[in-house]
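The values are calculated or read from the model by the stated rules, or taken from the named source; none is laboratory data. Predicted, not measured: the structure shown is a model, and the values here were computed from it. With ideal geometry, Cβ positions are generated from the backbone for all residues, glycine too; neighbour counts draw on all protein chains shown.
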Amino acid sequence: MNHGVILSGFLMFFACVVLHVFIWRVRLSMISSLILVAIFIFIPSAVLLSIIFVAGVFPGFRDVLPDPVVLVEVLVLHISLSLAYIANYPAVRAISPSLEVMLFVWSSPGGKMTQPEIEKKFSDTTLVNARVDDLMIYRLLIAREGRYELTGFGRLIILGFIGYRKMLGLPAGEG
Amino acid sequence: MSGAASMPVLRLIFVLLSAPVVIFSVHLFLARLRRSASRQLVAVEAIAASAVPMAIASWHLALRFFPPGEGVQAVIYTIVVYGCLANAYFHFFNMSESARRIRILYEVYKAGSLSPAAFESLYKTTGIISIRLRRLLELKQLRQEGGQYMVGGRTLLMAARVVIMWRRMLGLETRSK
């Protein structure tokens, strides 16, 4: 394994980060997580897999194209960096209340706060409504006759999480 | 790359791609063994403990076969890929534990359907903040003295400041919605 593999993996990842910043600055998409997956996973994978395919099918191109094994190494590094980035993105998109609590306490006069003082910084509606809106945009939840219901996809997602936590021997998360 | 030369590379990739399964298996075991410990802490312990079999497998199946000039790069590659996959696993678990969206989906699943008013009574600010304060105390990121909370550790504070910086870069507001 040469330096080029690591360098190429990081360069590819940073190119996607630049594209992400550019797109978000021009216009933030409502379905931002799906666009993120396309930028970081689908497009780079499609490009590299196409090169591997061309090198495999047309031997004449093998001299001018990178080694397929090297491309796989680069792709695995890029996908790993991207998965970590995408997994961290929800905390960036909607700052988690835990991180906000840390910032409030840290920036408060004297660096001390009581629980009621912390709670005053939040409101019931912003903590829940923005997340409900997100779930409706992603078609995981629908409103029917003034009540919220799960879509088929929403049901699949929550059953996946329930199954995962059951395997770990844990009850449902507390949110 | 010749067929023989590419074998250690392909074996290394195979070992690395198995990391989420290995971490999950160790997590299954530790979650039952340490029921009273902070759940996030147990997930971090599972990631740390999984690094041992992953390092042994990577070395025996792949790393020791790399030529001397390429070994260091291969070790760096292994650490970076494992670290990233472990980070993604931790956030996946954390989502199941603390994401409001998952909790909302769960409450609707349990009830069949919910009215907006039911959400508000189920999910009050007091409850949300109490749960988070408890977790932050367990993780030693906050400490409590005389009913007041103070910063106890710097890890999450640093993460919060990175998040704010990253939001500015993406052109997002610096308060959550």
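Consider A:Ser96 against the criteria (1) over 21 Å from B:Leu122 (Cβ atoms); (2) at pLDDT below 90: it satisfies all of them except one. Which criterion is unmet?
Of (1) over 21 Å from B:Leu122 (Cβ atoms); (2) at pLDDT below 90, only one is false for A:Ser96: (1).
Going by the structure shown, is B:Val52 assigned to a helix (DSSP H, G or I) and either in the same structural domain as B:Ala159 (by TED's automatic domain parsing) or surrounded by 16 or more Cβ atoms within 10 Å (Cβ to Cβ) (or both)?
So B:Val52 fails the test.
Among the candidates A:Ala15, A:Ala55, single out the residue that is out of contact with any strand residue (DSSP E or B) (no Cβ under 6 Å at 6 or more places or on another chain), small (Gly, Ala, Ser), assigned to a helix (DSSP H, G or I) and without any contact (Cβ under 8 Å) to a residue 12 or more places away in the chain. Explain how you work it out, then say what you get.
Working: A:Ala55 fails: without any contact (Cβ under 8 Å) to a residue 12 or more places away in the chain.
Going through A:Ala15, A:Ala55 in turn, just one is out of contact with any strand residue (DSSP E or B) (no Cβ under 6 Å at 6 or more places or on another chain), small (Gly, Ala, Ser), assigned to a helix (DSSP H, G or I) and without any contact (Cβ under 8 Å) to a residue 12 or more places away in the chain: A:Ala15.
Against the conditions (1) outside the structural domain of B:Ala46 (by TED's automatic domain parsing); (2) modelled with pLDDT of 85 or more; (3) hydrophobic (A, V, I, L, M, F, W, C), where does B:Phe92 fall short? Just the number, please.
Result: B:Phe92 passes all but (1).
For B:Glu70, are the conditions met, namely being within 11 Å of the chain's Cα centre (by Cα), in a helix (DSSP H, G or I) and of a type in the set (Asp, Glu)?
no
Only one of (1) buried (at least 16 other Cβ atoms within 10 Å of the Cβ); (2) more than 7 Å from chain B (Cβ to nearest Cβ); (3) free of Cβ contacts under 8 Å to residues at least 24 places away in the same chain fails for A:Glu149. Which number is that?
(2)
Out of curiosity, is A:Phe42 at pLDDT 90 or above, under 28 Å from A:Asp134 (Cα atoms) and surrounded by 13 or more Cβ atoms within 10 Å (Cβ to Cβ)? Let's see the steps before the verdict.
On the way: at pLDDT 90 or above: yes; under 28 Å from A:Asp134 (Cα atoms): yes; surrounded by 13 or more Cβ atoms within 10 Å (Cβ to Cβ): no.
Taking the combined requirement at face value, the residue does not satisfy it.
Which of (1) crowded, with 18+ Cβ neighbours inside 10 Å; (2) within 15 Å of B:Ile129 (Cβ to Cβ) is the odd one out, the single condition A:Lys121 does not satisfy?
(1)
Taking A:Leu48, is it within 7 Å of chain B (Cβ to nearest Cβ), over 21 Å from B:Leu139 (Cα atoms) and either assigned to a helix (DSSP H, G or I) or of a type outside the set (A, V, I, L, M) (or both)?
So A:Leu48 does not fit the description; no.
Taking B:Ala43 as the residue in question, decide whether it is within 15 Å of the chain's Cα centre (by Cα) and buried (at least 18 other Cβ atoms within 10 Å of the Cβ).
yes
Looking only at segment A:115-129, decide whether some residue is more than 18 Å from B:Arg100 (Cβ to Cβ), among the charged types (D, E, K, R) and in contact with a Ser or Thr (Cβ under 8 Å, 6 or more places away or on another chain). It would help to see each step written out before you state the result.
Applying the first criterion (more than 18 Å from B:Arg100 (Cβ to Cβ)) to segment A:115-129 yields A:115-117, A:120.
Applying the additional criterion that residues be among the charged types (D, E, K, R) yields A:117, A:120.
Subset that is in contact with a Ser or Thr (Cβ under 8 Å, 6 or more places away or on another chain): A:117.
The answer is yes; a qualifying residue exists.
Could you check segment A:107-174 for helices (runs of 4 or more DSSP H) lying wholly inside it with 1 or more residues that are more than 19 Å from the chain's Cα centre (by Cα), of a type outside the set (Gly, Ala, Ser) and at pLDDT below 90?
Working: elements: A:115-120, A:124-137, A:152-167.
Helices (runs of 4 or more DSSP H) meeting the threshold: A:115-120, A:124-137.
Determine whether A:Val74 is free of Cβ contacts under 8 Å to residues at least 60 places away in the same chain and in a helix (DSSP H, G or I).
The answer is no for A:Val74.
Based on this model, can you work out whether B:Arg161 counts as charged (D, E, K, R), surrounded by 15 or more Cβ atoms within 10 Å (Cβ to Cβ), facing another protein chain (nearest Cβ under 7 Å) and out of contact with any Leu (no Cβ under 7 Å at 6 or more places or on another chain)?
So B:Arg161 fails the test.
I'd like the residue in segment A:80-113 that is touching a Phe, Trp or Tyr at 6+ places or on another chain (Cβ under 8 Å) and more than 7 Å from chain B (Cβ to nearest Cβ) and, out of all such residues, is surrounded by the most Cβ atoms within 10 Å (Cβ to Cβ).
A:Ser82
Among the residues of segment B:95-113, write down those that are within 24 Å of B:Phe24 (Cβ to Cβ) and either more than 9 Å from chain A (Cβ to nearest Cβ) or not in a helix (DSSP H, G or I) (or both).
B:Ala99
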